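See below for the structure under consideration.
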Amino acid sequence: MAYQLQVTIDKDSGFCFGVVYAIDMAEEILEEDGYLYCLGDIVHNDEEVARLKAKGLRIIGHEQLPALKNEKVLIRAHGEAPETYRIALENNITLIDASCPVVLKLQNRVKTSFDQQEKVLIYGKHGHAEVIGLQGQTNGDALVFQDISELDGVKLPDRFTLYSQTTKSVDKFYAIKEELQNRGYDVKANDTICRQVSNRYEELGDFARSYHKVVFVSGKKSSNGRVLYEVCLKHNPNSFFVSDPSELKPELFEAGDTVGVCGATSTPMWLMEQVKEVLERY
Ligand code: SF4
């Protein structure tokens with residue numbers, strides 16, 4: 001085979017500043033201490049997690065935290081619920097807080113709404129770490145939904161405050177706001193979607209349209225990965241999702257194709273470079 005694909009990596013893809021900040025912080029401590037605990041996957045990308053584990057990063061689940069004492073534990077960009085801070089204090093755990101400033105600001109806003117007795121609704125993915133952290137600001141009182149149909153038949157107050165997980169689609173958020181208003185509710189809607197993700201929509205659409213084929217590289221667990229992949233698909237039906245180079249299939253390409261490689265805010269640049277190298281060998 002000699003496809004001679006012309007492969008270009010999207011210069012705007014790759015880690016957002018929240019993820020860069022968390023990984024830099026982890027690497028600094030790993031260099032000094034040789035190991036570091038991290039609550040949950042530091043980034044929704046298995047390959048990057050494996051790279052950091054090899055340097056001494058120890059990923060633990062929330063159920064393991066109460067048994068840990070006198071250690072350093074990193075909080076990743078998604079942030080944590082107040083309960084985590086309480087356990088850390090009790091167990092003399094030093095929290096290395098790499099919560100993204102955008103998420104921290106959102107947590108504060110959700111907490112303020114709750115303190116002011118507003119009913120809080122959060123448009124977000126059930127069980128997602130960021131959403132758990134947000135719901136924790138309301139002692140679990142906020143209503144989380146990931147699809148508007150989940151609100152069918154639910155008795156809501158006439159007025160409520162709507163927030164969004166930072167990585168949700170802007171279009172879907174505004175469609176939900178409109179639908180709820182059409183149902184007769186007084187909705188105080190706060191667009192809390194991170195512009196690091198949403199600003200990429202337009203640019204990514206332009207990028208996807210410029211190539212015969214698009215390879216979108218992302219971990220399967222990444223929320224913004226799914227949203228951004230949909231953007232690629234919308235603008236170029238020949239867009240393929242892969243988590244690592246081994247998932248590439250030569251039969252998807254034709255000789256002389258131009259291929260654009262792009263990814264989520266949790267996709268490391270080195271992984272997109274590996275994908276490019278594999279494609280260029282076809
Ligand atoms: S996507 Fe936005 S909110 Fe999420 S970690 Fe990155 S910068 Fe922070």
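The values are calculated or read from the model by the stated rules, or taken from the named source; none is laboratory data. Computed from a prediction, not measured in an experiment: that's the story for all the values here. When we count neighbours, we look across all protein chains shown, and the Cβ atoms used for this are built from the backbone with ideal geometry, even at glycine. Surface areas here come from the heavy atoms of the whole protein model, side chains and all, with no ligands, DNA or RNA. Shrake-Rupley method; radii C 1.70, N 1.55, O 1.52, S 1.80 Å.
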Among E150, E179, E83, which is touching a residue at least 24 places away in the same chain (Cβ under 8 Å), farther than 30 Å from D24 by Cβ and surrounded by fewer than 17 Cβ atoms within 10 Å (Cβ to Cβ)?
E179
List every residue pair whose Cβ atoms lie under 8 Å apart, where the two residues are 6 or more positions apart in sequence or sit on different chains, the first residue falls within the range 35-57 and is of a type in the set (S, T, N, Q), and the second residue, located anywhere, is in a helix (DSSP H, G or I).
N45/L271
Could you check, for the range 15-27, whether at least one of its residues is open to solvent by less than 20 Å² (accessible area, probe 1.4 Å), in contact with a strand residue (DSSP E or B) (Cβ under 8 Å, 6 or more places away or on another chain) and away from the ligand (no atom under 16 Å from the Cβ)?
no
Report those strands (runs of 3 or more DSSP E) wholly inside the range 206-282 carrying at least 1 residues which are exposed (fewer than 14 other Cβ atoms within 10 Å of the Cβ) and in contact with a Phe, Trp or Tyr (Cβ under 6 Å, 6 or more places away or on another chain).
258-263
Failed condition for K55, given (1) out of contact with any helix residue (DSSP H, G or I) (no Cβ under 7 Å at 6 or more places or on another chain); (2) at pLDDT 95 or above; (3) open to solvent by 20 Å² or more (accessible area, probe 1.4 Å)
(1)
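Among what's in the range 158-175 and is farther than 24 Å from A264 by Cα and of a type in the set (A, V, I, L, M, F, W, C), pick the residue that is surrounded by the most Cβ atoms within 10 Å (Cβ to Cβ).
L162
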Scan the range 94-113 and give yes if some residue there is at positive phi and either surrounded by fewer than 16 Cβ atoms within 10 Å (Cβ to Cβ) or more than 16 Å from the ligand (Cβ to nearest atom) (or both), otherwise no.
no
Condition check: in a helix (DSSP H, G or I) and out of contact with any helix residue (DSSP H, G or I) (no Cβ under 9 Å at 6 or more places or on another chain). Does E203 satisfy that?
yes
Scan (1) buried (at least 19 other Cβ atoms within 10 Å of the Cβ); (2) under 22 Å from E118 (Cβ atoms) for the single condition K155 breaks and write down its number.
(1)
Can you work out which of the residues in the range 28-48 that are surrounded by 19 or more Cβ atoms within 10 Å (Cβ to Cβ) and closer than 14 Å to W270 by Cβ is nearest to the ligand (Cβ to nearest atom)?
V43
In the range 114-138, residue nearest to Y85 (Cα to Cα) [restricted to those that are at pLDDT below 95 and open to solvent by 50 Å² or more (accessible area, probe 1.4 Å)]:
G127
